[in-house]
Ligand SMILES: [Zn+2]
């Protein structure tokens, strides 16, 4: 859709969002304080925080700034992926959002930023719930359009409450700003053409494993090419992929597609038949590879260094703590010079009492099988405030980061451990360079993720290996005990039709 011109009407567009990826297998809850201590923005502070960010809000602000729109920044809350959101936190988030919106009325439209995989204790389909509450609050006539993270588990409520939702098309997510622009243009075209798009949700019988969700590699690269070919075949239709988030035990868990008909004349059934045939034909390629950690580690000696070793079972961006010493303990028994970042607030506090270059006994982290901390004779290399900035498009689209008080130590075996006191996904190389660490000094860099860290590290790591480690984000989804997922769903059940 092109941006219509010639209209002089000024549209008031509300901008708001609640953004969380909730792992229901994580024992600890995500609380109201987690949001309030992370990103809790209202009014112009929202615009200032994201105007120049590689984030969907930045893209939307850019488009609205260029056109006849009066932006009404309402409320945006986000925190690091983690456990299920408490009922209290959800109630407070929704109340804040609707109260702020009430004081900003009237508006002509609403730009929304859900993640699509939020789960609250009292509302498993949390995004569907708040988007429905928003729809009820605004009434049927106000267009609601927004973005999604492709790790969304899209529900009928989410699709029903909105005119169109656009997931990013890359993983690692480096097109968030562009996705915000795309959604903002679509919303403007609805207002200016008075058009009536129709959105339809199609839930795939195949759930794509987290291991296979890198969009620059097959099978996903071919899948995205296939849906672009569908858009050519069915004019005025956008076909959007939500890869899905396996770590949420909800009925909508799995891969889904949003079919957005710009004029309501799309033959949805025909597209759905093509999608069904495609997913069934390629289902095996979307499953986890189930390689053992040992098989992966055996590839390190012959691989160009440094190797980026991805700890899939302790994926911070998927809700894990980021404190697993599983791979560090394996690498300590090798000669590979290794770097790891670990969430370890108590160890950071212990380091505050130490003098540089003086050896001391330090315990940190947690082995996912023994639940024991790792203890080593350590040497303190430096202490930092843990704040750093990212200037390039990276997964998550954020510009500023705070990993809390930070200490860098050397283990008895000579490996380097960056200990930080706030949970931090490895989305920016500045996490280590801001502490004076040169990635080229290492044979192996362990990063707590599956695909997201690739954007940050691929320029300095010629080899990328996924390690199938244990934890609440382990790669093989068939190892989780789901109570609420839909059936039949491959790879849990076989599907043929
Ligand atoms: Zn994502």
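The values are calculated or read from the model by the stated rules, or taken from the named source; none is laboratory data. Just so it is clear, the structure is predicted and the values come from calculations on it, not from any experiment. Here the Cβ positions follow ideal geometry from the backbone for every residue, glycine too, while neighbour counts run over all protein chains shown.
Restricted to strands (runs of 3 or more DSSP E) entirely inside segment 288-372, those with at least 2 residues that are more than 24 Å from the chain's Cα centre (by Cα), surrounded by fewer than 24 Cβ atoms within 10 Å (Cβ to Cβ) and modelled with pLDDT of 95 or more are 359-364.
Being buried (at least 23 other Cβ atoms within 10 Å of the Cβ) and more than 24 Å from residue 214 (Cα to Cα): is that true of residue 381 here? Walk me through how you get there before you give the answer.
Numbers: buried (at least 23 other Cβ atoms within 10 Å of the Cβ): no; more than 24 Å from residue 214 (Cα to Cα): yes.
The answer is no for residue 381.
Take the conditions (1) farther than 16 Å from residue 220 by Cα; (2) more than 16 Å from the ligand (Cβ to nearest atom); (3) in contact (Cβ under 8 Å) with a residue 60 or more places away in the chain; residue 265 misses just one of them, which is (3). Remark: pairs (first residue in segment 161-179, farther than 18 Å from residue 450 by Cα; second residue assigned to a loop (DSSP other than H, G, I, E, B) and more than 15 Å from the ligand (Cβ to nearest atom); Cβ separation under 6 Å; 6+ apart in sequence or on different chains) = 163/143; 163/197; 164/197.
Which residues, counting only those in segment 40-55, are without any contact (Cβ under 8 Å) to a residue 60 or more places away in the chain and either under 9 Å from residue 399 (Cα atoms) or assigned to a loop (DSSP other than H, G, I, E, B) (or both)? Step through it out loud before you land on a result.
Step one: of segment 40-55, the residues without any contact (Cβ under 8 Å) to a residue 60 or more places away in the chain are 40-51.
Of everything in segment 40-55, those that are without any contact (Cβ under 8 Å) to a residue 60 or more places away in the chain and either under 9 Å from residue 399 (Cα atoms) or assigned to a loop (DSSP other than H, G, I, E, B) (or both) turn out to be 49, 50, 51.
Residue 264 meets all of the listed conditions (1) surrounded by fewer than 21 Cβ atoms within 10 Å (Cβ to Cβ); (2) in contact with a strand residue (DSSP E or B) (Cβ under 7 Å, 6 or more places away or on another chain); (3) part of a loop (DSSP other than H, G, I, E, B); (4) modelled with pLDDT of 95 or more but one, namely (4). The number of residues in segment 218-247 that are within 16 Å of the ligand (Cβ to nearest atom) and either exposed (fewer than 12 other Cβ atoms within 10 Å of the Cβ) or outside any helix (DSSP H, G or I) (or both) comes to 8. Tell me, please, whether a residue that is modelled with pLDDT under 95 and within 25 Å of residue 50 (Cα to Cα) can be found in segment 439-450. Within segment 439-450, not a single residue is modelled with pLDDT under 95 and within 25 Å of residue 50 (Cα to Cα). Using the structure shown, decide if residue 454 is over 26 Å from residue 35 (Cα atoms), within 24 Å of the chain's Cα centre (by Cα) and not assigned by TED's automatic domain parsing to the domain that holds residue 216. In short, yes.
A quick yes/no check of all residues on (1) away from the ligand (no atom under 16 Å from the Cβ); (2) within 29 Å of residue 248 (Cα to Cα); (3) in contact with a strand residue (DSSP E or B) (Cβ under 8 Å, 6 or more places away or on another chain):
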{"residue": "15", "(1), (2), (3)": "yes, yes, yes"}
{"residue": "22", "(1), (2), (3)": "no, yes, yes"}
{"residue": "41", "(1), (2), (3)": "yes, yes, yes"}
{"residue": "98", "(1), (2), (3)": "yes, yes, no"}
{"residue": "104", "(1), (2), (3)": "yes, no, yes"}
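Go through (1) in a helix (DSSP H, G or I); (2) touching a strand residue (DSSP E or B) at 6+ places or on another chain (Cβ under 6 Å); (3) over 16 Å from residue 218 (Cα atoms) for residue 279 and report which single condition fails. All conditions are met except number (3).
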